Amino acid sequence: MRTLALVIGLGIVTGLGACSGGSQLNNIKADQSGPDEFAILPTRALSMPPDLSVLPAPTPGGTNITDPNPQGDAVAALGGNPARLADQGIGAADQALVAQASRLGTDPQIRARLAQSDAEWRARNSRRPLERLFGTSAYLRAYAPMTLEAAAEQLRWQRAGAITSTAPAPAAR
């Protein structure tokens, strides 16, 4: 009986402690007005460039050569090339694919339009009262008309003569 009371008491104390929810959880002296020593990152050592005439023009808000670059430093430490992290556009191997996919034009607002049409679809196919009552998901039922049956689709492509080298052969009927 004493053990049960101790467990219940410990559960109550833990539950109340979890409800405190302050942003001062790890910073005990969060109310002090001094700087946070963990927010200061060391910069790289200053060095004189070999030729001052080839320096790039300053860019307000841009990066500095002494600014820390943790991702680039990690790539270099692991033996990679940090310059590969920079966006270099579409690679040569993918240019034909992108050209084919964008041959009819692209829509810059596609994400917003898809999000809006999906929200409308989910509103029309929302949970029914019993689904709400029992807390079941209406996701599979709502998207059932848009779902592909993988085996039937594979069989359709194979019957049409498409090469599906990674897929097993269709089962004989």
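The values are calculated or read from the model by the stated rules, or taken from the named source; none is laboratory data. From a predicted model like this one, the values you see are computed outputs, not experimental measurements. Please note: Cβ atoms are built from the backbone with ideal geometry, for glycine as well, and neighbour counts cover all protein chains shown. Surface accessibility is based on the protein's heavy atoms, side chains included, excluding ligands, DNA and RNA. Shrake-Rupley method; radii C 1.70, N 1.55, O 1.52, S 1.80 Å.
Any chance the range 125-140 includes a residue that's free of Cβ contacts under 8 Å to residues at least 60 places away in the same chain, among the small types (G, A, S) and assigned to a helix (DSSP H, G or I)? Step through it out loud before you land on a result.
First, the residues of the range 125-140 that are free of Cβ contacts under 8 Å to residues at least 60 places away in the same chain: 125-140.
Filter again for among the small types (G, A, S), leaving 126, 135, 137-138.
Narrowing further to those that are assigned to a helix (DSSP H, G or I): none.
Checked against the condition, which is being free of Cβ contacts under 8 Å to residues at least 60 places away in the same chain, among the small types (G, A, S) and assigned to a helix (DSSP H, G or I), the range 125-140 yields no hits at all.
Of everything in the range 135-157, what is open to solvent by 100 Å² or more (accessible area, probe 1.4 Å) and modelled with pLDDT under 80? Give them in sequence order.
Passing the criteria: Y139, L140.
If I filter the range 99-116 for residues that are open to solvent by less than 100 Å² (accessible area, probe 1.4 Å), assigned to a helix (DSSP H, G or I) and touching a helix residue (DSSP H, G or I) at 6+ places or on another chain (Cβ under 7 Å), do I get at least one hit?
No, the conditions are met nowhere in the range 99-116.
Looking at (1) open to solvent by less than 100 Å² (accessible area, probe 1.4 Å); (2) among the small types (G, A, S); (3) in a loop (DSSP other than H, G, I, E, B), find the lone condition where S165 falls short.
(1)
Take the range 65-95 and flag every residue that is surrounded by 10 or more Cβ atoms within 10 Å (Cβ to Cβ) and without any contact (Cβ under 8 Å) to a residue 12 or more places away in the chain.
Of everything in the range 65-95, those that are surrounded by 10 or more Cβ atoms within 10 Å (Cβ to Cβ) and without any contact (Cβ under 8 Å) to a residue 12 or more places away in the chain turn out to be D73, A74, V75, A76, G80, A83, I90, D94, Q95.
Kindly check whether there is at least one residue in the range 43-62 that is within 24 Å of the chain's Cα centre (by Cα), exposed (fewer than 10 other Cβ atoms within 10 Å of the Cβ) and not in a loop (DSSP other than H, G, I, E, B). First the steps, then the outcome.
If we filter the range 43-62 for residues that are within 24 Å of the chain's Cα centre (by Cα), which is where we start, we get none.
Looking through the range 43-62, none of the residues is within 24 Å of the chain's Cα centre (by Cα), exposed (fewer than 10 other Cβ atoms within 10 Å of the Cβ) and not in a loop (DSSP other than H, G, I, E, B).
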